[in-house]
Every structure is written in structure tokens, then in C-alpha cells.
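The values are calculated or read from the model by the stated rules, or taken from the named source; none is laboratory data. The shown structure was predicted, so the numbers you read here are calculated from the model rather than taken from an experiment. So basically every Cβ, Gly included, is an ideal-geometry build from the backbone, and we count neighbours across all protein chains shown.
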């Protein structure tokens, strides 16, 4: 596995070694020993999630104020523009965001540690998105930052307006966000 550090050093882009031939391909999508070596410590995953969305759907920017979730995310069909925002008080990268294009073809994964907000925009006709979390989803603790917050100025590769859930459309400004 190749590990690339992003502008938020705790957010890592992971690229597995893919073995392919005329029959198809094989790669380890998760190896606890290799993953923990990459992030520099233990991680305990408690939940796996799978979503499917159409082109132009934007989900996020989500986080939990209690029981923050670390997320290991990847795409198994299609392509997304994936974003992590540092909302950890006192962090040297507080208020910064990083993005990566995750596709079924590039097999990239993004490690988003606890305390960051997360969202993605679907770039293909549809996308299937898988992610492992280090804490359970607790609806009462979930919060959402407005996807187009002017302070963050995330440069989403949009073609027109995104398709949002009511919850995401009602996201709060970044300056009210807190990781807990």
C-alpha cells in the first residue's frame, strides 16, 4: 500500500497494490496491520456503511459532536470528489479542507480521522461509496456544515446546483461547527 500525506497531515490517501491481468484484478481493501502502520496507531472499526447516489448528489459535510467517527472511505462503482474539513479545536490545520477523487478504477481510499467533517459529490452517473467507521452513528450527535460555506470556500467541481437532502441544505455555517 502506498500512503500519501495530504495538506491535513492526519488525512491520508491510501493506494493499494492492485494485481491485475486479463481475468480482472485483486487487491487487499483492508489489512489491519498495514493500516495501523500507515496511521501510526490502532484503529478499531465498529460499522461498515454502503451508499449509492446519482450524479450531482452532494452528501455532507457531516460530523458527530460526541463519539466522533474516524472513516476509511472508498468507491466501488463510479467516481466522487471526497472532502475532509478539519474542525478540531486547537489543530494546526483547523478550518482547512482537503479533497481527493476516489473512483472504482483508481481504488484510492481516504482515511479521515475522528474530529473532521466529511462530504462527497458524485461525479459519475452513479457511485457506490463504502466506508468503515470507528464509532457508531448516533443521529442525536450528528451535525452538518453548509456545503458552500464561504469561509471554507470548497471548490466543488459542480455542473450546476448539487442535489441535496433537506438536512444537508439546512447545514450550519462553519464558524458554528465544533468537533466536541
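Of note:
- Taking the criterion of being at pLDDT below 95 and surrounded by 16 or more Cβ atoms within 10 Å (Cβ to Cβ), the residues of the range 135-180 that qualify are 177, 179.
- Being buried (at least 24 other Cβ atoms within 10 Å of the Cβ), closer than 17 Å to residue 27 by Cα and touching a strand residue (DSSP E or B) at 6+ places or on another chain (Cβ under 7 Å) holds for only one residue in 121, 102, 116, 72, and it is 102.
- Selection count, the range 4-18, where residues are farther than 13 Å from residue 116 by Cβ and under 16 Å from the mean Cα position of the chain (by Cα): 5
- Test for residue 127: is it in contact (Cβ under 8 Å) with a residue 40 or more places away in the chain, closer than 12 Å to residue 57 by Cα and buried (at least 16 other Cβ atoms within 10 Å of the Cβ): yes
- Check on residue 29, under 28 Å from residue 154 (Cβ atoms), surrounded by 11 or more Cβ atoms within 10 Å (Cβ to Cβ) and either in contact with a strand residue (DSSP E or B) (Cβ under 6 Å, 6 or more places away or on another chain) or free of Cβ contacts under 8 Å to residues at least 24 places away in the same chain (or both): no
- Of all the residues in the range 148-178, those that are more than 22 Å from residue 64 (Cβ to Cβ) and over 17 Å from the mean Cα position of the chain (by Cα) number 8.
- Taken across the range 58-69, residues that are crowded, with 23+ Cβ neighbours inside 10 Å, free of Cβ contacts under 8 Å to residues at least 60 places away in the same chain, in a strand (DSSP E or B) and under 13 Å from the mean Cα position of the chain (by Cα) do not occur at all.
- Considering the range 75-93, the residues that are touching a residue at least 12 places away in the same chain (Cβ under 8 Å) and in a loop (DSSP other than H, G, I, E, B) include one that is surrounded by the fewest Cβ atoms within 10 Å (Cβ to Cβ), namely 89.
- Only residues that are part of a loop (DSSP other than H, G, I, E, B), touching a residue at least 24 places away in the same chain (Cβ under 8 Å) and loosely packed, with under 13 Cβ neighbours inside 10 Å were counted in the range 32-57, giving 2.
- None of 110, 72, 102 is in contact with a helix residue (DSSP H, G or I) (Cβ under 8 Å, 6 or more places away or on another chain), within 19 Å of residue 3 (Cα to Cα) and in contact (Cβ under 8 Å) with a residue 12 or more places away in the chain except 72.
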